[in-house]
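**Q** Have a look at this one before I ask anything.
Derivation of every value follows stated rules applied to the coordinates shown; laboratory data play no part. Predicted model, so just to flag it, every value in this text is computed and none were measured. All Cβ positions, glycine included, derive from the backbone under ideal geometry; neighbour counts span all protein chains shown.
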Amino acid sequence: MPSGPYGMIDGYEDDVSGEMSSAPKEMVLMQKPDFLNKPELKNVIFNNELSNEFIFRYQQQFGFTEQEQNYYLIESQGYYNSPTGIAATQQDAQRQAFAQYMMKRLMEYHTDNIMKNDPDFKPIYDMKQKVSNYKVDVGPGSKLDMTYSFVGNFANITYATPWGTTKANINMDPSSLTPTTPQEELLIFTRPITPTIRYETSYAFVSQTYRLMIEKRLSPTLTTNISETVFLDSNVIDVDKAELTLLGLNLAF
């Protein structure tokens, strides 16, 4: 049996008034490493300029709205609606070609950034920019911008004014290193009607397709749109091809 008063155990005190309390010490936190202050790698590789370029190129090929893209996949590219979403039934060569273009464009863009900061390669970079980019201030609030992509073998012409933006796109053989006969020529005009409503009209000269789209912004993350696509034959509506009307609701996360 333990001896001594009840509750007295070796190593424990019944009176803490005589204990010494240690003086508080400031905790020194480790400083944030410099590499954590830099932008995330994904934002360095896919910056806003490249992301907007890829989105525009994708829309040109596969549809400007999500509904048009889904329709294009199901009707033209051998996809079908599965319980988990749209699934492929065969190899999609056009999307593979687009992925290859993205990889080559990424390499070109970041190589250009290295060249323009290297005194030895700066003259080569400047010459390339003069050949592939041409900008003109047409007047107050108006600007003409012309670019040519060596990687994708396409040319873009953009004419921006206070009352609307006109874009012309000339797509040539992407496998060629020099300009070739256009495979498609697309003309797009976009204009806001109100701060929340805009319309967009386009015409594809080779496929002879006319499209009109009206978009309404319901909130910063929610938009609705309706688009009408008409197929022409010698500038006359092709009665053998049905008109395409799509109504969409898009939510951005």
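**Q** Using a Cα-Cα cut-off of under 26 Å, which lysines could be cross-linked to residue 135, ignoring same-chain neighbours fewer than 8 residues away?
**A** Partners found: 104, 116, 122, 143, 167.
**Q** Under 15 Å from the Cβ of residue 123, count the other residues' Cβ atoms, weight Lys and Arg +1, Asp and Glu -1, and hand me the total.
**A** Values: positive: 116, 122, 128, 130; negative: 112, 118, 120, 126.
Its environment carries a net charge of 0.
**Q** How charged is the neighbourhood of residue 228? Take every other residue with its Cβ under 10 Å from the Cβ of residue 228, and add Lys/Arg as +1 and Asp/Glu as -1.
**A** 0
**Q** Provide the FRET efficiency to the nearest 0.05 for the residue 117-residue 54 pair, computing r from the beta carbons and using R0 = 22 Å.
**A** With R0 = 22 Å, the Cβ-Cβ based efficiency is 0.40.
**Q** Same structure again: Going highest first, how would you order 112-125, 149-162, 178-191 by mean Cβ packing within 10 Å? List each step's numbers first, then the result.
**A** Details: 112-125: 12.1, 149-162: 17.2, 178-191: 14.5.
Order by mean packing, descending: 149-162, 178-191, 112-125.
**Q** Multiply the residue gap between residue 66 and residue 161 by 0.36 nm, knock off their C-alpha separation, and tell me the result in nm, one decimal place. Write out the running numbers ahead of the final one.
**A** Working: separation 95, 0.36 × 95 = 34.20 nm, distance 2.74 nm.
Extra length available between residue 66 and residue 161 comes to 31.5 nm.
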